[in-house]
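Contents: one structure, followed by commentary.
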Amino acid sequence: MTTNAPSTPRPARRQALGALSMLGALTLQACGGGSNASSGSKSSNALLLGLSLSSGSLSPAFASDTLVYVAAVPNSTTALTVTPTASDTGATIRVNGSVVASGGSSSALPLNVGGNTVSLVVTAADGSTSRTYTVVVTRAAAAASSDASLAALALSAGSLSPSFAAGTLSYTADVANSVSSLTLTATTSSASATVTVGGVTVASGAASSALALAVGTTTISIVVTAQDGSTTRSYTVAVTRAAASVSSDATLSGLMLSAGTLTPSFASGTGSYAASVANGVASLTITPTATVAASTITVNGAAVANGSSSGAIALAVGSNSITIVVTAQDRSTTRTTTLTVTRAAATVSSDASLSALTLSSGSLSPAFAAATTSYTASLANTVTSVTVTPTTANSAATVKVNGSTVASGGASASVALSAGSTSTISVVVTAEDGVTTRTYTLLATRASVGTCTLTPTETQGPYPLLAILSNTAMVRSDIREGKTGVPLTVKLTILDLSNGCTPVAGAAVYIWHCDKDGLYSGYSVSNNAGQAGLTYLRGIQVTDSNGLATFTTIYPGWYAGRITHVHFQVYLNNNLSVTATATSQLAFPQATTQAVYNTSLYTKGQNNSVTSFAADNVFSDGTTYQMAAISGDATSGYTAELQVTIA
């Protein structure tokens, strides 16, 4: 038996012929191009290694020397992206005139019904050789639906009888007299169909406006019009609202407290309850629900809406009586429920411990523990004073530093340090009971004049971008380039260990760090995408006669695997063409970092990947000689100072 193949519909045939015509013209255009000869040592390779679409398939299959392709997508595809990969990494690619990274996706390209031309121009590294690839994407035309059925029909009150079925057109529903209106939600089977309820257009799946119901039967008409504009189907719902009746029911169906638990458990026939709350509960609310919605309710004489919370009821220490009165719909029948709430007496804490203790510079030894009361800290000679931040374990406890009261979690006044000597700092915590105390002692030793310790060498990390050292524009004190964050001034003082710890003048200091979102300029990799060619938060300064280099920047953010830090290198005699004399990293006090990350600018919040220096792969061996001395606050900004000792 012979089976005839179905003929191609005329509109689709014209569309295909149009695409082929366009394809032919583009083929001639593409064939006219060619690679220019290479210039110097730069590559003249302008070929693509790969080309893919987010929707549809290339025809013919991709080959580097094939310049013209076609693809077909359904009508539902309104846009697609193109992902080209250059054969030579030095080549640049433009898709419809916009630069696209090799191996990266273009922006979304909108598609009209019919043929859409996408042009990809590859320019070789020599800057002159180019090759144009062309893809003609044909988006199919939409087909109009004749489906005028409903997929669902629901009422805000009452139930449909019979249960909804797309082929059933007539329904009834009964509602109580208290239901004076309802809404109807009709959902069309076809998303492109339209629907009216009571003659008013309603979005499919959305509730209609309120439809008034008189006592008796109200018929509601629902008309669905298919996408083709001619096919319709009508559904009807006859809603019967019952006649009014007056209730004498003054019972409660529910009673809830904002604090405490009813004893006994609630039951509609129980008229008396008790509840106990902690001393910290100074007030509560009552939520009574009447069995009959038309009833009225008062709590301690104040009207409360059925099923809603009362106003706050103040509780004295001891017994508190609360009265709930329900008046039935007949306005004569009442029922009173009493509730006795007992608020406990206050308890006083004897906890005089600290939960945290930090310094503005240096580190405690041993690491802080609530039960450890004696600590030492070694500080550089350049640290002339420190502040102490104690945090009490109990919020009601008080704390003094060297006899002066300090707010829990707040920094003390500056404690002056003498060079070459040890200062004793006393932290006394007094418990809420006013009797129990605990004293923490800190011995802070400031190094003598002319003494210093070699700053540890650390890795330069994966993003040093040393190529910019030859760019004179990088010699700048303000390295922000418009980046936002909490303001930060970085001051690095360079000392020469081999020359009696004297300041090093004329040294070039190069610093770099990530932005508030954890991204570094100059690199585009999977976890640092889109940053190639940028130079923000990098800069070079030459030290003055005091060995000081100062930078204006923002407080760094964080990225997975590292705690907050700033990279720096020192180049003697301002010679940036040699290997750095010193490479290290600057650390920040955890309390300062947490305060910064609590601000609205740092949307990533706290660093949950590395939560301590001990867990960091760089600072796990200690931060004594890399911890910045911090001053300022998260509102006006901070200054971070560090003495960097080189050999």
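The values are calculated or read from the model by the stated rules, or taken from the named source; none is laboratory data. Just so we're clear, the structure is a prediction, and the values are computed from it rather than from any experiment. With ideal geometry, Cβ positions are generated from the backbone for all residues, glycine too; neighbour counts draw on all protein chains shown. In case anyone asks, the SASA skips ligands and DNA or RNA and just uses the protein heavy atoms, side chains included. Shrake-Rupley method; radii C 1.70, N 1.55, O 1.52, S 1.80 Å.
Can you find even one residue in the range 624-635 that is among the aromatic types (Phe, Trp, Tyr) and either open to solvent by less than 20 Å² (accessible area, probe 1.4 Å) or modelled with pLDDT of 95 or more (or both)?
Within the range 624-635, not a single residue is among the aromatic types (Phe, Trp, Tyr) and either open to solvent by less than 20 Å² (accessible area, probe 1.4 Å) or modelled with pLDDT of 95 or more (or both).
Hey, could you check the range 245-258 for residues that are assigned to a loop (DSSP other than H, G, I, E, B) and aliphatic (A, V, I, L, M) and say which is most open to solvent (accessible area, probe 1.4 Å)?
Val246
Please work out which residue is nearest to Leu80 (Cα to Cα), limiting yourself to the range 93-113 and to residues that are assigned to a strand (DSSP E or B) and open to solvent by less than 80 Å² (accessible area, probe 1.4 Å).
If we take residues in the range 93-113 being assigned to a strand (DSSP E or B) and open to solvent by less than 80 Å² (accessible area, probe 1.4 Å), then Leu109 is nearest to Leu80 (Cα to Cα).
Kindly provide the set of residues from the range 120-151 that are small (Gly, Ala, Ser) and open to solvent by 40 Å² or more (accessible area, probe 1.4 Å), ordered by number.
Scanning the range 120-151 gives Gly127, Ser128, Ser130, Ala141, Ala142, Ala143, Ala144, Ser146, Ala151.
Can you tell me which residue within the range 527-550, out of those that are among the polar types (S, T, N, Q) and crowded, with 20+ Cβ neighbours inside 10 Å, is farthest from the chain's Cα centre (by Cα)?
Once the filter is applied, the top-ranked residue is Thr543.
Return yes when Ala191 is open to solvent by 40 Å² or more (accessible area, probe 1.4 Å) and touching a Leu at 6+ places or on another chain (Cβ under 9 Å) and no when it is not.
The answer is no for Ala191.
Quick check, is Ser524 of a type in the set (Gly, Ala, Ser), open to solvent by 20 Å² or more (accessible area, probe 1.4 Å) and over 30 Å from Gln606 (Cα atoms)?
Spelling it out, it is not the case that Ser524 is of a type in the set (Gly, Ala, Ser), open to solvent by 20 Å² or more (accessible area, probe 1.4 Å) and over 30 Å from Gln606 (Cα atoms).
Is at least one residue of the range 351-364 of a type in the set (S, T, N, Q) and more than 36 Å from the chain's Cα centre (by Cα)?
So far as the range 351-364 goes, no, none of its residues is of a type in the set (S, T, N, Q) and more than 36 Å from the chain's Cα centre (by Cα).
Can you tell me which residues in the range 595-607 are closer than 30 Å to Val570 by Cβ and out of contact with any strand residue (DSSP E or B) (no Cβ under 9 Å at 6 or more places or on another chain)?
Those that are closer than 30 Å to Val570 by Cβ and out of contact with any strand residue (DSSP E or B) (no Cβ under 9 Å at 6 or more places or on another chain): Tyr597, Tyr602, Asn607.
Please tell me if Thr599 is farther than 24 Å from Thr623 by Cα, open to solvent by less than 50 Å² (accessible area, probe 1.4 Å), out of contact with any Leu (no Cβ under 9 Å at 6 or more places or on another chain) and not small (Gly, Ala, Ser).
It is true that Thr599 is farther than 24 Å from Thr623 by Cα, open to solvent by less than 50 Å² (accessible area, probe 1.4 Å), out of contact with any Leu (no Cβ under 9 Å at 6 or more places or on another chain) and not small (Gly, Ala, Ser).
For the range 169-188, name all the residues that are in contact with a strand residue (DSSP E or B) (Cβ under 8 Å, 6 or more places away or on another chain), open to solvent by 20 Å² or more (accessible area, probe 1.4 Å) and either more than 30 Å from Gln329 (Cα to Cα) or not aliphatic (A, V, I, L, M) (or both).
Correct list: Leu169, Ser170, Thr172, Asp174, Asn177, Ser180, Ser181, Thr183, Thr185, Thr187.
Do we find that Val566 is at pLDDT 95 or above, in contact with a His (Cβ under 8 Å, 6 or more places away or on another chain), of a type in the set (A, V, I, L, M) and closer than 26 Å to Ile540 by Cβ in this structure?
yes
Looking at Ser64, Ser55, Ser41, which is the one that is assigned to a loop (DSSP other than H, G, I, E, B), under 47 Å from the mean Cα position of the chain (by Cα), more than 23 Å from Ala108 (Cβ to Cβ) and modelled with pLDDT of 95 or more?
Answer to the check: Ser64.
Of these, Phe551, Phe568, which one is under 17 Å from Trp512 (Cβ atoms), in contact with a Gly (Cβ under 8 Å, 6 or more places away or on another chain), touching a residue at least 24 places away in the same chain (Cβ under 8 Å) and part of a strand (DSSP E or B)?
After applying the criteria, what remains is Phe551.
If you check Ala214 against the conditions, is it modelled with pLDDT under 95, in contact with a Pro (Cβ under 8 Å, 6 or more places away or on another chain) and either assigned to a loop (DSSP other than H, G, I, E, B) or more than 30 Å from Pro60 (Cβ to Cβ) (or both)?
It is false that Ala214 is modelled with pLDDT under 95, in contact with a Pro (Cβ under 8 Å, 6 or more places away or on another chain) and either assigned to a loop (DSSP other than H, G, I, E, B) or more than 30 Å from Pro60 (Cβ to Cβ) (or both).
Just one of (1) among the charged types (D, E, K, R); (2) more than 30 Å from Thr196 (Cα to Cα); (3) open to solvent by less than 50 Å² (accessible area, probe 1.4 Å) trips up Arg241, so point out which.
Unmet condition: (2).
With the range 259-329 as the region, which strands (runs of 3 or more DSSP E) entirely inside it contain at least 1 residues that are within 30 Å of Ser349 (Cα to Cα) and open to solvent by 30 Å² or more (accessible area, probe 1.4 Å)?
In the range 259-329, the matching strands (runs of 3 or more DSSP E) lie at 272-277, 318-327.
Leu213 is checked against (1) within 18 Å of Ala152 (Cβ to Cβ); (2) out of contact with any Gly (no Cβ under 8 Å at 6 or more places or on another chain); (3) buried (at least 16 other Cβ atoms within 10 Å of the Cβ) and fails just one. What number does that condition carry?
Unmet for Leu213, out of (1) within 18 Å of Ala152 (Cβ to Cβ); (2) out of contact with any Gly (no Cβ under 8 Å at 6 or more places or on another chain); (3) buried (at least 16 other Cβ atoms within 10 Å of the Cβ): (1).
For the range 218-235, indicate whether the set of residues that are open to solvent by 50 Å² or more (accessible area, probe 1.4 Å), in contact (Cβ under 8 Å) with a residue 12 or more places away in the chain, β-branched (Val, Ile, Thr) and not in a loop (DSSP other than H, G, I, E, B) is non-empty.
Yes; the residues of the range 218-235 include at least one that is open to solvent by 50 Å² or more (accessible area, probe 1.4 Å), in contact (Cβ under 8 Å) with a residue 12 or more places away in the chain, β-branched (Val, Ile, Thr) and not in a loop (DSSP other than H, G, I, E, B).
Only one of Ser378, Ser418, Ser361 is open to solvent by 40 Å² or more (accessible area, probe 1.4 Å), small (Gly, Ala, Ser) and in a loop (DSSP other than H, G, I, E, B). Can you tell me which?
Within the list Ser378, Ser418, Ser361, the selection yields Ser418.
If I filter the range 174-187 for residues that are under 39 Å from the mean Cα position of the chain (by Cα), on the phi < 0 side of the Ramachandran plot and not in a strand (DSSP E or B), do I get at least one hit?
For the range 174-187, residues under 39 Å from the mean Cα position of the chain (by Cα), on the phi < 0 side of the Ramachandran plot and not in a strand (DSSP E or B): present.
Among Ser161, Ser156, which is within 40 Å of the chain's Cα centre (by Cα) and open to solvent by 60 Å² or more (accessible area, probe 1.4 Å)?
It is Ser156.
Out of all the residues in the range 194-210, which are open to solvent by 60 Å² or more (accessible area, probe 1.4 Å) and either touching a Pro at 6+ places or on another chain (Cβ under 6 Å) or of a type in the set (S, T, N, Q) (or both)?
If the condition is that a residue be open to solvent by 60 Å² or more (accessible area, probe 1.4 Å) and either touching a Pro at 6+ places or on another chain (Cβ under 6 Å) or of a type in the set (S, T, N, Q) (or both), then Thr194, Thr201, Ser209 are the ones that fit.
Yes or no: the range 321-338 includes at least one residue that is at pLDDT 95 or above, small (Gly, Ala, Ser) and under 30 Å from Ser272 (Cα atoms).
yes
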